[in-house]
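A quick write-up on the structure given underneath.
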Amino acid sequence: MLAFATRSGPAFSAGHDGMGAMARPHHHDPGGEMAGMSDMSGTAAATKYTAARANYTVPAVTLTDAHGRPVRLAQLLSQPRPVLVQFIFTSCTTICPLLSTTFSQAQAELGRMHGDYQLISISIDPEYDTPERLAAYAKRYNAGAHWMFLTGQAGDVRSVMTAFDALYQGSNKMYHRPLFYLRARPDTPWLRIEGFMQTADLLREYHGVLGAAGLAVR
Amino acid sequence: MPKLSAFIRSAALAAVLAGLANPAAAGDISSVAVPAIHGTTPVASIHPRPSQSVTGRSEPPRPVVAKRGPSPAGDSAAGKRLYWHGATASGAPLQAAIAGDAAVAGTQFGCVNCHRPSGFGSSEGGKYVPPITGPILFSPRQLNRNRIYTKLFEEAQPAGFAADVRMPRMRPAYTDQTLADALRKGVDPAGRKLDAQMPRYALSDRDAANLIAYLKTLSAAADPGVDAAVIHFATVVSDGTDPAERAAVVSTITAFFDWMNRATHGYQSRPGFSPYHMSELASAFRHWQLHVWELHGPPATWPQQIQRQYDAQPVFAVISGLVHGPWRPLAQFCDAKHMPCVFPNTELPRTTNTDYAYSLYFSRGLTLEGEVLARYLGRRQPQADRIALVHSTDPYGTTPARAFERALKTEQADARIREFAFSDQTELNAAVRELASAAGNFDALVLLPGERVNAALTALGEWRPGIKVIGLPSDALTSVQPGKLGTLAGSLLFAYPYELPSAYHPRSFRVRQWMHAQHLDIAYPRLQFQTYYALTMAEFALDQILDDFFRDYFIEAIEHEAENNLDIGTHPTLALGPGQRFASKGAYIVRIDAAAPGGIRALSDWIVP
């Protein structure tokens, strides 16, 4: 059963500034029942995350990929393919390795489910994360052709984080939050997920996002 | 702003008093011998790469726990490679599974990623990673509010974090066997499952024994420079620095130490000497003792000079300082001692092999300036591809010159650089005169005068080479006199790795006010503000580590605090991350503009090469 299918209600619009105030976060259960926290009995500490739908207006910024090439973010995101976005920094301890491992492990299955897709990891420490460092990070996580790593001017990255309601508290990147953003097509809302997911959770959410958009899922 | 320091200072006194009242307790700490290894560790490989031999303070290990059971004898050096790089004894990739997922092989789950070099763990993004130092693992779990105090009250964290941190997780002491079980199966000796984010490692017996041997040594031996009452810090000043600048730096440091200690001693007048509700933190309080290490002669002789000072009184860390010449010999000393050297005032930091090294810097200095000049000229339209590079042969000239050449080649493979190196004023004058007579052959001149800034500006004023763009390092800005250059002044541009005068940094006002209150003459604002920043980093880092006086933990706390609203306005942002060693990463290109605030106007965005 798809978790997505159990959600009723409108696709929430989050307004131009991306603040998620109107989005309704809810805990949801990998089993598909809206039973609150998904304390999985199988693991000692449950994987807990919240998901909400939201619309974001992507700022007109040009970022830089791991090969040093300019990438217009709005153009990248306007392409008709599913996208999955996360914010990381390469010297990060604790949470980025978990976030990126989830992408890393999901790659093969994402390709199997729906041929074309785009993974995007955006550095929130752009002045340190040069394209060279991003390339090394990409290699560490066995990033394939569908996974893009972006850095850029600090102000541009900040505007992207603002747009995606990903600003952390206290202006200290060490307090950044584990966030994933999934979207099937440019004309469908984003699914914003906060928390740690197992790869299987990510794939299930992705499946749901594609299904809700009427995309064929293998 | 969360603030513990006032209480910490008061507690330093409490610690003194506790020591006086209970000499035996004080002796427990002060009698810890300085491990000899700190004086003898080779400079190379601070932290091992898998292919290198391991050196460092883990050799010889100082076991926390006396001899244990019959498990295979572990090699702590190999264990350190596993901890840092996920390098297994067999060379096979380390296998680990997280959050119930399938196992992945690779180095991304080396222990150091989350538990940090010190083993004291971390807290980021709402994830609490508990400490795994030798003494903590191999003792029964004890509830120590201080270990979680700053995480609870000084960090912005999401809901639920505090509850997670407060979980008691009581357990008996680990043994080799139960620790191996925990690493493999994720179950602690109390039978409790570890957090889902803790990877479950497929460790061979050999790897488990190696890692456990290393963990027994991790943050197990006290670091030098601290006793029950006093924490010793040094600052470094060398020959060749401007005496007035040196005095400004030292007087700022002295004023800060006095201020910290005055607050501490202030509690002497309080009935019962109580630091009020912070009495639990009394064990963290220390008197700050400053040692000014003066260096004479050539930089190559500095390490021996410092060694003598260090032998006389080891210090916990070096804070700030002002030297003339490359920082490299001192960086090597700091690395050999595993001793933090916190934000020295230097334009010549060591810029290679810096990740997880022991010197922290404001920026890459003149290397950065050379690269930013190259980036700006290399991307200018129309491109400047015929470039005259005039530089002195002292390190202040050659360092940015080499960086400029390297960076320009990556910007413009076909750029032509005509290089003029000068070692005295005659050669400098000859170079500038030659350029003036052949100005049409060049699109740009980059003049890196090293220690001969005034002579270079005089030569420019005298011959006024008609080259449209003349790039200079930032330290020429303070000496330039536009009136003596005529129209040439409009051609000059400068690398400027600092905040623009027009920017607004609220904390700079507070710092200025503090300096006034200490009766400090603010003659060299940038130098003194940078010095103040270095001091606050030490202050706030000690707030974080409380009485766990381990140098690696101290550096981790600085990495964490650097970005925490302590910006003093000298740079657009100051921030570090784990293993990062340069707090500011870029520079502007500016030109002289009498009408602009501070007399300079930015020609470029903040350039991060």
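The values are calculated or read from the model by the stated rules, or taken from the named source; none is laboratory data. Owing to the predicted nature of the structure, the values given are computational and were not obtained by experimental measurement. Quick reminder, even Gly has a Cβ in these numbers, built from the backbone with ideal geometry, and neighbours come from all protein chains shown. Side chains are part of the model used for accessible areas, which takes the heavy atoms of the whole protein and leaves out ligands, DNA and RNA. Shrake-Rupley method; radii C 1.70, N 1.55, O 1.52, S 1.80 Å.
The Cα atoms of the stretch A:57-106 define a convex hull whose projected area, averaged across directions, is 4.6 nm².
Using Stokes-Einstein with the Kirkwood hydrodynamic radius over Cα pairs, what translational diffusion coefficient do you get for the stretch A:152-218 at 4 °C and a viscosity of 1.567 mPa s, in µm²/s rounded to a whole number? All intermediate terms of the calculation are to be shown ahead of the outcome.
Numbers: Rh = 13.7 Å.
Answer from the Stokes-Einstein relation: 95 µm²/s.
Computed with a 1.4 Å probe over protein heavy atoms only, the accessible area of B:L576 comes to about 0 Å². Sequentially through the stretch A:205-218, phi angles give Karplus couplings (6.51, -1.76, 1.60; θ = phi - 60°) of 5, 5, 4, x, 5, 5, x, 5, 8, x, 7, 5, 10, 8 Hz, Gly and Pro residues having no value and appearing as x.
Normalised Debye scattering of the stretch B:493-551 at q = 0.19, 0.26 Å⁻¹ gives log10 I(q)/I(0) of -0.84, -1.13, counting only Cα atoms as equal scatterers and leaving out solvent.
State which entries of B:K468/B:K585; A:K48/B:K127; B:K151/B:K216; B:K80/B:K216 exceed 20 angstrom in Cα-Cα distance in the structure shown. Checking Cα-Cα distances, B:K468/B:K585; B:K151/B:K216 exceed 20 Å.
In order along the stretch B:281-288, the phi-based Karplus estimate (6.51 cos²θ - 1.76 cosθ + 1.60, θ = phi - 60°) of 3J(HN,Hα) comes to 8, 4, 5, 8, 7, 9, 7, 8 Hz; Gly and Pro are listed as x. Near B:N429, once Lys and Arg are set to +1 and Asp and Glu to -1 for all other residues with Cβ below 15 Å from its Cβ, the sum equals -1.
Annotation: extensible slack from B:D181 through B:A105 equals 25.4 nm (criterion: 0.36 nm per residue apart, minus Cα-Cα distance). Working out 0.36 nm times the residue gap between A:Q79 and A:R185, then minus their Cα-Cα distance, what length gain in nm do you get to one decimal? Computed gain between A:Q79 and A:R185 is 37.4 nm.
Comparing each chain alone with all protein chains together (probe 1.4 Å, DNA, RNA and ligands left out), the residues of the stretch B:560-582 losing at least 40 Å² of accessible area are B:H560, B:E563, B:P578, B:Q580.
Note on the stretch A:146-194: with charges restricted to the Cβ of Lys and Arg (+1) and Asp and Glu (-1), its dipole about the Cα centre is near 80 debye.
For chain B, what is the calculated [θ] at 222 nm in deg cm²/dmol (nearest 500), taking -39500 (n - 2.57) for each run of four or more DSSP H residues and dividing by its residue count? Please list the in-between numbers first.
Numbers: 20 runs with 229 residues, N = 609.
So the calculated ellipticity at 222 nm is -11500 deg cm²/dmol.
For B:A444, the residues whose amide H sits under 5 Å from its own are B:R386, B:A388, ignoring neighbours fewer than 5 places away on the same chain, with H placed 1.01 Å from N. Phi-derived couplings, Karplus 6.51 cos²θ - 1.76 cosθ + 1.60 at θ = phi - 60°, listed residue by residue for the stretch A:142-159: 6, 5, x, 5, 8, 10, 10, 10, 10, 10, x, 5, 4, x, 5, 5, 5, 5 Hz, with x used for Gly and Pro. Note on B:D355 and B:D414: the model spin-label points, each 7 Å out from Cα along the C-beta direction, lie 3.6 nm apart.
Among the protein heavy atoms, those of B:D414 account for about 100 Å² of accessible surface (1.4 Å probe, every chain in place).
Between the residues B:G365, B:I568, B:P465, the greatest Cα displacement towards the positive end of the dipole of chain B, with unit charges on the Cβ of Lys, Arg, Asp and Glu, is found for B:I568.
For chain B, the list of Cys residues with no other Cys C-beta under 4.7 Å reads B:C111, B:C114. Show me you know the interface measure: the accessible area buried between A and B, both chains summed, probe 1.4 Å, in Å² to the nearest 100. Interface area, both chains combined: 3400 Å², rounded to the nearest 100.
The calculated FRET efficiency for A:R72 paired with B:F509, based on their beta-carbon distance and R0 = 41 Å, is about 0.55. Shielding by partners for peptide A:152-159, expressed as the average number of C-beta atoms from other protein chains within 10 Å of each residue's C-beta, is 2.
Between B:N454 and B:D593, how high is the FRET efficiency from 1/(1 + (r/R0)^6) when r is the Cβ-Cβ distance and R₀ = 22 Å? Nearest 0.05.
Numbers: r = 22 Å, r/R0 = 1.00.
Given R0 = 22 Å and the Cβ-Cβ separation, E is 0.50.
Length gained on full extension, B:S502 to B:H519, computed as 0.36 nm times the residue gap minus the Cα-Cα distance: 3.5 nm.
Exposed loop sites, defined as trypsin sites (Lys or Arg not before Pro) outside DSSP H, G, I, E and B with at most 16 other Cβ atoms within 10 Å, are absent from the longest region of chain B, namely B:193-378.
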